[in-house]
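Student: Pasting in a structure now, in structure tokens, and then I'll have a few things to ask.
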Amino acid sequence: MDAKTLMLLALFHLIFLLSPSIINASSTRKIRTRKPCNSLEFYFHDIIYNGKNSHNATAVIVGAPAWANKTILASKNHFGDLVVFDDPITLDNNLHSTPVGRAQGFYFYDKKDIFTAWLGFSFVFNSTEHKGSLNFAGADPLMNKTREISVIGGTGDFFMARGIATLMTDSFEGEVYFRLRTDIKLYECW
């Protein structure tokens with residue numbers, strides 16, 4: 001073979017090798033949709049201690065900025081407040097319904113100019129229907145109607161579960177009580 005033929009053959013070979021990556025780079029990537037392997041809905045009820053309600057408080061401010069105190073949430077969108085909670089979880093929005101577990105964890109208000117928080121908590125179940133825990137973490141932009149946080153694991157019936165929890169503020173009474181509706185979609189179930 002002469003040099004011209006070898007060069008042409010090498011060029012065709014190079015085009016053949018590069019064509020899949022050229023095609024993949026120009027095509028749009030399809031997002032694979034998955035159906036959840038488990039869907040759950042719960043309500044958790046947070047009653048913040050305000051100096052007068054120790055008999056039914058389920059949450060308490062454990063950290064506050066210098067200008068605030070640990071009995072009343074700080075001004076400026078509660079920036080700097082750290083709250084620990086042990087809230088009842090119910091199947092409906094009634095605070096006095098039989099709890100199916102406890103929501104245990106913390107949240108802190110992390111922005112001065114916008115009303116937002118960061119959450120880290122577990123749903124700890126001990127009922128006839130569910131045993132074990134689900135663990136959650138993520139940012140909670142409180143002014144949005146719905147917010148999503150990650151389900152990052154679990155134990156018992158929810159061993160190594162992963163998914164998304166959609167939070168909706170279902171009700172609130174001033175700065176003492178709020179109820180979150182939690183719509184959980186698990187995409188990894190064992």
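The values are calculated or read from the model by the stated rules, or taken from the named source; none is laboratory data. Please read these numbers as outputs of a predicted model, since none were measured by experiment. Every residue, glycine among them, receives a Cβ derived from its backbone with ideal geometry; neighbour counts consider all protein chains shown. All accessible areas refer to the heavy atoms of the entire protein, side chains included, with ligands and DNA or RNA removed. Shrake-Rupley method; radii C 1.70, N 1.55, O 1.52, S 1.80 Å.
Student: How many Å² of accessible area per residue for the stretch 56-149, probe 1.4 Å?
Tutor: Heavy-atom accessible area per residue stands at 51 Å².
Student: Computed over the Cα atoms, what is the radius of gyration of the stretch 72-190 divided by 2.2 N^0.38 Å, N being its residue count?
Tutor: 1.07
Student: Around Thr166, with a cut-off of 13 angstrom between Cβ atoms, what is the net charge of the other residues, counting Lys and Arg +1 and Asp and Glu -1?
Tutor: Taking every other residue near Thr166 into account, the sum is -1.
Student: Evaluate the stretch 105-145: find the radius of gyration of its Cα atoms, find its Kirkwood radius, and give the ratio Rg to Rh.
Tutor: Expressed as Rg/Rh, it is 1.16.
Student: Mind ranking 147-153, 32-38 by how tightly packed they are, going by the mean number of other C-beta atoms within 10 angstrom, highest first?
Tutor: Ranked from most to least packed, the peptides come out as 147-153, 32-38.
Student: Here's another thing I want to ask about it. Points 7 angstrom from Cα along the Cβ direction at Glu41 and Lys70: gap in nanometres?
Tutor: 3.9 nm
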